[in-house]
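Chemist: Take a look at the following structure, please.
The values are calculated or read from the model by the stated rules, or taken from the named source; none is laboratory data. Just so you know, these numbers come straight off a predicted model, no measurement behind them. All Cβ positions, glycine included, derive from the backbone under ideal geometry; neighbour counts span all protein chains shown.
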Protein chains: 2
Amino acid sequence: MTPRSGARERLLGAAETLFADQGVAATPVDQVLARAGVAPATLYAHFGSKAGLQAAVLDARLARWDAAWAAAVDAAPDDRGRLLAVFDALDTFARGGAPSRWCTFLATAADTELLRSRLTELAGPVAGDGAAELAEHLLVVVSGTLAMRLRPGADSAVARGRATAEALVSSV
Amino acid sequence: MTPRSGARERLLGAAETLFADQGVAATPVDQVLARAGVAPATLYAHFGSKAGLQAAVLDARLARWDAAWAAAVDAAPDDRGRLLAVFDALDTFARGGAPSRWCTFLATAADTELLRSRLTELAGPVAGDGAAELAEHLLVVVSGTLAMRLRPGADSAVARGRATAEALVSSV
DNA sequence: GTCTATAGCTTGATAGAC
DNA sequence: GTCTATCAAGCTATAGAC
């Protein structure tokens, strides 16, 4: 917890948008600095390197995703709704002005395991002994939904993914 | 059709591997040249630019994927098998020594439409009126399978994707 | 068609003042 | 902690000989 620093927050915000829109490699540090209105040395004082900044951006995103998913689960009315709440959270994230390629951060190892374990847990009340299998199916569908958001027709990606998930849940 | 040129083929092969393993942006032209054993000017004579080389690599890949899928469909015994043949083709590609991140090329617009239309066609005999809907579900699953191959546990990605697809087909 | 050599630019990161 | 100014390295692409 660095003593509150406007520059730090602005750097994280600028980097998140630019990295997501253009890709990390295609985004020069100078561009992040310009958008944040910060000097080069300040960035290196806070994050050490471009890679350090990237890591900090991913961490921040993961934490927000985590919170959004938890909130969606809490808001759901029943077991089936809680299992499918991932898609509500995806929808929130997608509509919430987040960069169009925000989903790339989900391609990390930590996140895959998080998804798998939570989905298995949530699938329990719905599928009983078949919970692990259903969770595995839903993991594929969630991954596919993220992938679809990278392509044309991204707007309807979450809705289509949810429809597929519902078909799977109903077939249990 | 350039007069047969060993350099051209070597460049395509080297670029395919390196681009897939490291990403295009992270791969310097020099590295492609070194692996191919070719001089800079030769690359620019054939492809005009790094982007031109990248485009040529994608074209070649798409053509091979196309052929592999068609072969898998032909080899399948029945309608259901033909519909699920995408996964046979994915398996062939994945095992065939292709770079671990080969799937990135499937994130193109052209390919998305190709997938959708062919899957819809193949779903006809299996799902009748529900063909379009089933194809849409399978499109999500195929995309998810590709995404899973980018993460740890990639080896079993195709098998798990196929299992999800079978659950969907069976529920029709 | 292919080579060697190099131009010209952009990048990530640092030095030193305040 | 933040700034201005700058370095050293790496990149893509081209020139010119064979």
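Chemist: In the range A:1-57, what residues are surrounded by 12 or more Cβ atoms within 10 Å (Cβ to Cβ), over 27 Å from B:Val24 (Cβ atoms) and touching a residue at least 40 places away in the same chain (Cβ under 8 Å)?
Modeler: Result: A:Ser5, A:His46.
Chemist: So in the range B:45-70, with the set limited to residues that are within 16 Å of DNA strand D (Cβ to nearest atom) and not hydrophobic (A, V, I, L, M, F, W, C), which one is farthest from the other protein chains (Cβ to nearest Cβ)?
Modeler: B:His46
Chemist: Quick check on the range B:27-55: of everything there that is more than 10 Å from DNA strand C (Cβ to nearest atom), not small (Gly, Ala, Ser) and not in a helix (DSSP H, G or I), which residue is farthest from B:Asp111 (Cα to Cα)?
Modeler: Restricting to residues being more than 10 Å from DNA strand C (Cβ to nearest atom), not small (Gly, Ala, Ser) and not in a helix (DSSP H, G or I), the top hit is B:Pro28.
Chemist: Anything in the range B:1-21 that is among the charged types (D, E, K, R), within 13 Å of DNA strand C (Cβ to nearest atom) and assigned to a helix (DSSP H, G or I)? List them, or say none.
Modeler: The answer is B:Arg8, B:Glu9, B:Arg10.
Chemist: Would you mind finding the one in B:Val57, B:Val38 that is more than 21 Å from the chain's Cα centre (by Cα) and at negative phi?
Modeler: The unique qualifying residue is B:Val38.
Chemist: Okay, moving on. Considering only residues that are assigned to a helix (DSSP H, G or I) and within 9 Å of another protein chain (Cβ to nearest Cβ), which ones fall in the range A:153-168?
Modeler: A:Ala157, A:Arg160, A:Gly161, A:Ala163, A:Thr164, A:Ala165, A:Ala167, A:Leu168
Chemist: Failed condition for A:Leu18, given (1) in the same structural domain as A:Asp155 (by TED's automatic domain parsing); (2) touching a helix residue (DSSP H, G or I) at 6+ places or on another chain (Cβ under 7 Å), with all others met?
Modeler: If we test A:Leu18 against (1) in the same structural domain as A:Asp155 (by TED's automatic domain parsing); (2) touching a helix residue (DSSP H, G or I) at 6+ places or on another chain (Cβ under 7 Å), just (1) comes out false.
Chemist: Considering A:Val86, A:Val73, A:Val24, which residue is of a type in the set (Val, Ile, Thr), within 14 Å of another protein chain (Cβ to nearest Cβ), more than 16 Å from DNA strand C (Cβ to nearest atom) and under 21 Å from A:Leu146 (Cα atoms)? Steps first, answer last, please.
Modeler: Details: A:Val73 fails: within 14 Å of another protein chain (Cβ to nearest Cβ); A:Val24 fails: more than 16 Å from DNA strand C (Cβ to nearest atom).
Of the residues listed, the single one that is of a type in the set (Val, Ile, Thr), within 14 Å of another protein chain (Cβ to nearest Cβ), more than 16 Å from DNA strand C (Cβ to nearest atom) and under 21 Å from A:Leu146 (Cα atoms) is A:Val86.
Chemist: Considering A:Leu150, A:Leu146, A:Leu139, which residue is within 16 Å of the chain's Cα centre (by Cα), outside any helix (DSSP H, G or I) and facing another protein chain (nearest Cβ under 10 Å)? First the steps, then the outcome.
Modeler: Working: A:Leu146 fails: outside any helix (DSSP H, G or I); A:Leu139 fails: outside any helix (DSSP H, G or I).
A:Leu150 is the lone residue from the list that is within 16 Å of the chain's Cα centre (by Cα), outside any helix (DSSP H, G or I) and facing another protein chain (nearest Cβ under 10 Å).
Chemist: Determine, yes or no, whether B:Asp78 is under 19 Å from B:Thr120 (Cβ atoms), more than 12 Å from DNA strand C (Cβ to nearest atom) and without any contact (Cβ under 8 Å) to a residue 12 or more places away in the chain.
Modeler: yes
Chemist: In the range B:43-66, what residues are aliphatic (A, V, I, L, M) and under 11 Å from B:Ala15 (Cβ atoms)?
Modeler: Correct list: B:Leu43, B:Leu53, B:Ala55, B:Ala56, B:Val57, B:Leu58, B:Ala60.
Chemist: Restricted to the range B:127-136, and to residues that are more than 19 Å from A:His137 (Cα to Cα) and buried (at least 19 other Cβ atoms within 10 Å of the Cβ), which residue is farthest from the other protein chains (Cβ to nearest Cβ)?
Modeler: Among those residues, the one meeting the criterion is B:Ala131.
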